[in-house]
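Working notes for the structure below.
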Amino acid sequence: MISRRALELATAVLTGSFGVAVVVSSLDNGIGWSNAGVDAGTFPFLTGIIIMLGSLYNLVRGVVPAATLANVPIAITPIELRRLAGLFVPAAIFVAAIPLAGMYVASSLYVFAVLAIPKHQSVPRALGMAAATALALYVVFERMFQVSLPHGALAAAFGF
Amino acid sequence: MDNLHELMHGFNIAITVPHLALMVIGVLLGILVGVLPGLGAPNGVSLLLPLTFGMQPVSAIILLSSMYWGALFGGSVTSILFNIPGEPSSVATTFDGYPMARDGRPTTALATAFGSAAFGALIGVILITFLASWVAQVALAFGPAEYFAVYFLAFASFVGMGGAAPIKTVVALAIGFAIAAIGIDTVSGSVRLTMGVDELVKGVNFVVAVMGLFGIGELLVAVEEEFHARAASSKIDWREVFRAVGRLPRHSVALLRSAAIGCWMGITPGGPTAASFMSYGIARRFSRRGRYFGTGEVEGIISPETADHAAGTSALLPMLALGIPGSATAAVMMGGLMIWGLNPGPMLFVDQKDFVWGLIASMYVGNIVAVALVLLTVPVFAALMRIPFVIIAPLIVIICVVGAYSVSNSYLDVVMMLGFGIVGYLFKKLFYPLAPLVLAIVIGDKAEDAFRQSMLMSKGSLGIFFANKLVTCLIVAGIALLLLPLVLQLARLLRKPAPSTDETTAQKRAQETAREKVII
């Protein structure tokens, strides 16, 4: 279970650290005024400062329980968290597998895995959908629009 | 009169067989992304974007804008038949649309929605026809300072009128600006904010951000709740369609009021979602049958639908005339314009007459095509909703991954897209607005350039933003909008010195929830 407050805090910390990174990184480009006009780092520097200040405000609002937060104390229930993970974890594995297996193999494995392993579909039907996905991608992108999708390191090793 | 002449010329361009075919394809794809939860108009349009690079700009924009109309209509279909809004902007349509459909009048609900939506869109297009070229003419005289002032006003109006918590809007905007700054600086040529990753030199493409924020993010929000697609009957009774549309003029006050709200919210970047909620709320307050709202009232369908489409359409006016998109989808389209080598803004009306007027004419035709197609295909797309979400979800993930990859054949983009997905989920969950974030990514560079050019002209003095009446007005209006939430809060504190009773807190909570709903 994740409370609304924890989620607000985490997001504020996330945006705040992005702000810090922007500020630090833009200092390299120089801030302020030079012969060429406004330095390249000035604008990002200011946005970084705004992000930091805004995140700080959101952080404080997140800590102090205001009426809005008391309204929905629980942001994500355990069941919802399981559903989220059920969608996101396979998707992340799929993305991680693309450089090795290539778009076609990775996407059909992904479709097969999410349909067959939790027994949403029978194995033959899941196989069929997996094959159809890869085929549809190939026809639409490689053939119709001539966009080459990554074939993967494995395919390259076999000479494709 | 000049406008009408140009418009006729535009119709000559829009009404050709290939362009009509593109409209049909665009609308059908649009209805598809509108119907599917997890895919929306911004995603759909950015998915199609890489496929339009080989086209004539006018054909490409006709395809993309038709998709936009289709998505706006498609979102209402699922709202009414399934009580599941396919698009954030059609949430308000569920309030009265679904009860009416459930009571055995699905055709009436759908026909009322589509009829009033078409009316809203028509008003929006008429506004563009007569106002856009005039706005562009005024804008031709703009210098960098005026441009920066207009950008500033656009961003400020998100903060002041967007409906989200103001500081969250500011953070979202600033993050968008920072993302836009990543890569090579167009003025000095130096590399910025790559944080050691060499591949980031090319910058972060807005398509990648949109795929993650709206695609994966929305999917994660949608997967949390189990879907119960219990449809009201999706059979269309054609005689009832005409009867329902024939009854619309009786509600002309609601139609006109909602169209006005929609156009206003579309031009000032409030967006269709805020427009439909605002219109619904106002209708409930002013309608004589206000207390029956929520049980299947006709005006409860008319108001959000008219405003939604009026806002969606008129959001293209500032995009065309000033180069400032009025909604997330318009922002994506504007990104497309820049990729096709066009420069969105007043010069379009001088250099690219065929493009501008072809697009405007296609809006008239495209909306008619959309109404006809959406009525014809309601049973088909309703059947689509019965496909279990577990099958649709991985397909949408694959579409987003391939979409992000195909922008510039980069694996890093795919990984970033997934990261944007998490951000999109968190932002949606906590009511940070996403539209300003996308808007800032698309036009952040232009706003920065305008600022730096004005600084060069004035040799570093901010006085240039108060040099003439026009700039001063724009800047002052922008500052006023920025401060508006603060002033409202102060006024509320002064009026109620100690609101500590249970009743007032409960009221405040109800208000807060209502307000938070608006920005979903």
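Quick look at the numbers
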read-out: Straight-distance crosslink candidates among aspartates and glutamates, where the alpha carbon sits under 16 Å from B:K235 and sequence neighbours closer than 8 are dropped; value: B:D103
read-out: Relative contact order computed over the stretch B:136-200 (Cα-Cα under 8 Å; 6+ residues apart), in percent; value: 15
read-out: Cross-link reach list, aspartates and glutamates versus B:K353, counting only Cα pairs under 20 Å and skipping chain neighbours closer than eight places; value: B:D2, B:E6
read-out: A:I74 long-range amide H proximity, modeled H, under 5 Å; value: A:R4
read-out: The stretch B:362-433-the stretch B:312-352 distance, computed between alpha-carbon centres (Å); value: 22
read-out: Mean ellipticity per residue at 222 nm, deg cm²/dmol - from DSSP H runs of n ≥ 4 across chain B, formula -39500 (n - 2.57); value: -24500 deg cm²/dmol
read-out: Cα-centre dipole for the protein assembly as shown with unit charges at Cβ (Lys and Arg positive, Asp and Glu negative), debye to 20; value: 1820
read-out: Label-point separation, B:D2 to B:L470 (7 Å along Cα→Cβ), nm; value: 1.6
read-out: Length-normalised contact order for chain B - Cα pairs under 8 Å, 6+ apart - percent; value: 28
read-out: Point-to-point label distance, A:S17-B:N343, nm (Cα→Cβ direction, 7 Å offset); value: 4.2
read-out: Cβ-based charge dipole, the stretch B:112-228, positive-most Cα from B:A117, B:F158, B:A222; value: B:F158
read-out: Theoretical gain in end-to-end length, B:M457 to B:V380 [0.36 nm per residue, Cα-Cα removed]; value: 21.8 nm
read-out: Amide H within-cut-off set for B:I184, under 5 Å, with H built and near neighbours excluded; value: B:R192, B:G203
read-out: Peptides ranked, highest mean first, by Cβ atoms within 10 Å: ranges A:96-109, B:253-266, B:482-495; value: B:253-266, A:96-109, B:482-495
read-out: Inter-chain shielding of A:85-91 (mean C-beta neighbours from other protein chains, 10 Å cut-off); value: 6
read-out: Average beta-carbon neighbours from other chains, 10 Å sphere, peptide A:22-28; value: 4
read-out: Amide proton proximity set for A:G30, modelled H, under 5 Å, gap of 5+; value: A:G41
read-out: Distance (nanometres) between label positions extended 7 Å along Cα→Cβ at A:A155 and B:I391; value: 2.6
read-out: Shielding by partners, peptide B:396-403 (average Cβ within 10 angstrom, other chains); value: 5
read-out: Point-charge dipole on Cβ atoms (K/R +1, D/E -1) for chain B, about Cα centre, debye to 20; value: 1440
read-out: Cα gyration tensor shape of the protein assembly as shown, rounded if a/c is under 1.5, else prolate or oblate by comparing a/b with b/c; value: rounded
read-out: Euclidean distance of C-alpha centroids, the stretch B:1-77 and the stretch B:123-183, integer Å; value: 23
read-out: Prolate/oblate/rounded call for the stretch B:329-376, Cα gyration tensor, a/c under 1.5 rounded; value: oblate
read-out: Relative contact order of chain A, pairs being alpha-carbon contacts under 8 Å that are 6 or more residues apart, as %; value: 22
read-out: Of B:K202/B:K469; B:K429/B:K469; A:K119/B:K202; B:K168/B:K202, pairs whose Cα-Cα distance is over 31 Å; value: B:K202/B:K469; B:K429/B:K469; A:K119/B:K202
read-out: Rounded if a/c under 1.5, otherwise prolate or oblate - chain B, Cα gyration tensor axes; value: rounded
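Bear in mind these aren't lab numbers, they're just calculated from the coordinates by the rules spelled out. On a predicted model such as this, the values are computed, not experimentally measured, just so you know. When we count neighbours, we look across all protein chains shown, and the Cβ atoms used for this are built from the backbone with ideal geometry, even at glycine.
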